[in-house]
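Worksheet: the structure to be examined is printed underneath.
Values quoted throughout were computed directly from the atomic coordinates according to the rules given, and no laboratory measurement underlies them. Nothing here was measured: the structure is a model prediction, and the numbers come from that model. Here the Cβ positions follow ideal geometry from the backbone for every residue, glycine too, while neighbour counts run over all protein chains shown.
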Amino acid sequence: MNMSFGLREENRALLQRVADMIRDEIMPLEEEYQAEIDKGDRWQYTERQAEILEGLKAKAKAAGLWNFWLTDSDKGFGLSTVEYAYFAEEMGKTPLGAEVFNCSAPDTGNMEVFERYGSDKMKEQWLKPLLNGEIRSAYLMTEPDVASSDATNVSMSCVRDGEDYVLNGEKWWSSGAGDPRCKVYIVMVKTAGDEQPKHKRQSMIVVPADAPGIEILRPMQVYGHDDAPHGHMHIRFTNVRVPADSILLGEGRGFEIAQGRLGPGRIHHCMRAIGQAESALEQMCKRALQREAFGKKLAQLGANYDIIAECRMEIEMARLLCLKAAWYMDQGDARAAAPWISQIKVVAPRVALKVIDEAVQMFGGQGVSQDTPLATAWTHVRTLRLADGPDAVHRRQVARAELKKHTQEKV
């Protein structure tokens, strides 16, 4: 089997332009941008915050550095998933990276859904402004009262009433729903009872974020932080009515759409996590060479040589696994790619967490403070071990695929 994990020559230059913009223009503004969050209403963008973000987006757009995630599409750069991995890794090195280039979660996954499964009306109303970076979106799947890692448990009521559907229930961990620019939700709902096969009971429906009956109950906190102004919201729907043509593909096709959406989203997270690991290793090395204790550079103390070496090797292994999963995705067989996506979904956050934690240790007390980006990076990557399916679910998928090679029985 001939696998290629490389970049075409024209895309190497493109990647360098992205890396240069991240290093020279985005990273220098990170600290100022973050400082703005605590000024005034945390759920609104300050004038300076908007100026920084929209200014960087405008620069990226004007330079043609936009929508890289549109792999194998005539609307983007025609990158393969393997090629996009290198771009996502660079973007993962800064919290602002993905949005500056219009490659943010959950928007990319939602745009995939609108592109693949949306009506012409949805594409005009929602996809067009999302592609232009004019609005944000959220994906609502997880519910507080059921184990949502098994999506057959999703139970938000969605009942047909004449020319409308009526929604009742609660969702939480709705990432991005706190953003004042969030204008649309894609919502996983239950449209059928036990009379239907379990994978035909759920559907996806498009809901304007300002529809009457939607109430944001609270922002969920991640290790005590609310992640404003992005937010992971707990939302209640009370008799929310949307037109019947808001349903995607038709009743009972939610799982079909979810598999189309979540595969790319899961691996994009992993690509960015590798970028976060690289950034943490760079910070660790600089600290180890600048700081002294007991008359020596930190690099020369204890097991720090070994720690740095192990971090480098584990990042390289994770990157190769990520590229292999991306290669399988590029072959177009979602079933064959699935175990590889599950493997990297476990491995990438695990490796990134280890590297970030070692960097924190090298910085000492400063590493857990607001004076470095490491503490925030750690909480983000720790959360990633739960997003898009917890580790245990993905390990189960990997094990089932492995056991299937040795038996004809269902495992």
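Peptides 346-357, 237-248 ranked from most to least packed, by the mean per-residue count of other Cβ atoms within 10 Å: 346-357, 237-248. For the range 149-190, what class follows from the C-alpha gyration tensor (a ≥ b ≥ c being the square roots of its eigenvalues): rounded when a/c is under 1.5, otherwise prolate if a/b is larger than b/c, else oblate? Here the range 149-190 falls in the oblate category. With loop membership from DSSP and a limit of 16 other Cβ atoms within 10 Å, the longest segment of the chain without GluC sites (Glu not before Pro) is 196-408. Share of Cα-Cα pairs in the range 137-247 beyond 17 Å, in percent? Distances greater than 17 Å cover 52 percent of the Cα pairs. Taking a straight Cα-Cα cut-off under 17 Å and skipping sequence neighbours fewer than 8 places away in the same chain, the lysines within cross-link reach of Lys354 are Lys93, Lys345. Work out which helices of the chain, taken as complete DSSP H runs, extend at least 27 Å along their axis over the Cα atoms and score a mean Kyte-Doolittle of 0.0 or more, then list them. Once both thresholds are applied, what remains is 304-330, 334-363. Spin-label pair Arg312-Ser157: with each label point 7 Å from Cα along the Cα-Cβ axis, the two points sit 6.1 nm from one another.
Checking (1) 157; (2) 142; (3) 204 against volume of the Cα convex hull per residue in Å³ calculated from these atoms, the matching label is (1). Between the beta carbons of Gln196 and Ile135, assuming R0 = 35 Å, the FRET efficiency works out to 0.55 to the nearest 0.05. Shape analysis of the range 255-404 yields a ratio of the Cα radius of gyration to the Kirkwood radius, Rg/Rh, of 1.06. For the range 15-34 and the range 104-172, what is the centre-to-centre distance using only Cα atoms, to the nearest Å? Value for the Cα centre distance between the two parts: 31 Å. Can you tally the lysine pairs in the range 137-247 where the Cα-Cα distance is under 17 Å and the two residues are eight or more apart, or on different chains? Lysine pair count for the range 137-247: 4. Counting only the Cα atoms, the range 122-177 fills a convex hull of 112 Å³ per residue. Here's the list of aspartates and glutamates a cross-link from Lys404 could span, going by alpha-carbon distance under 18 Å and ignoring same-chain residues fewer than 8 apart: Asp333. Under 20 Å of direct C-alpha separation, and excluding same-chain neighbours fewer than eight residues apart, Lys297 reaches these lysines: Lys286. For the range 1-99, the Cα gyration tensor yields ellipsoid semi-axes of 30, 13, 12 Å (square root of five times each eigenvalue, largest first, whole Å).
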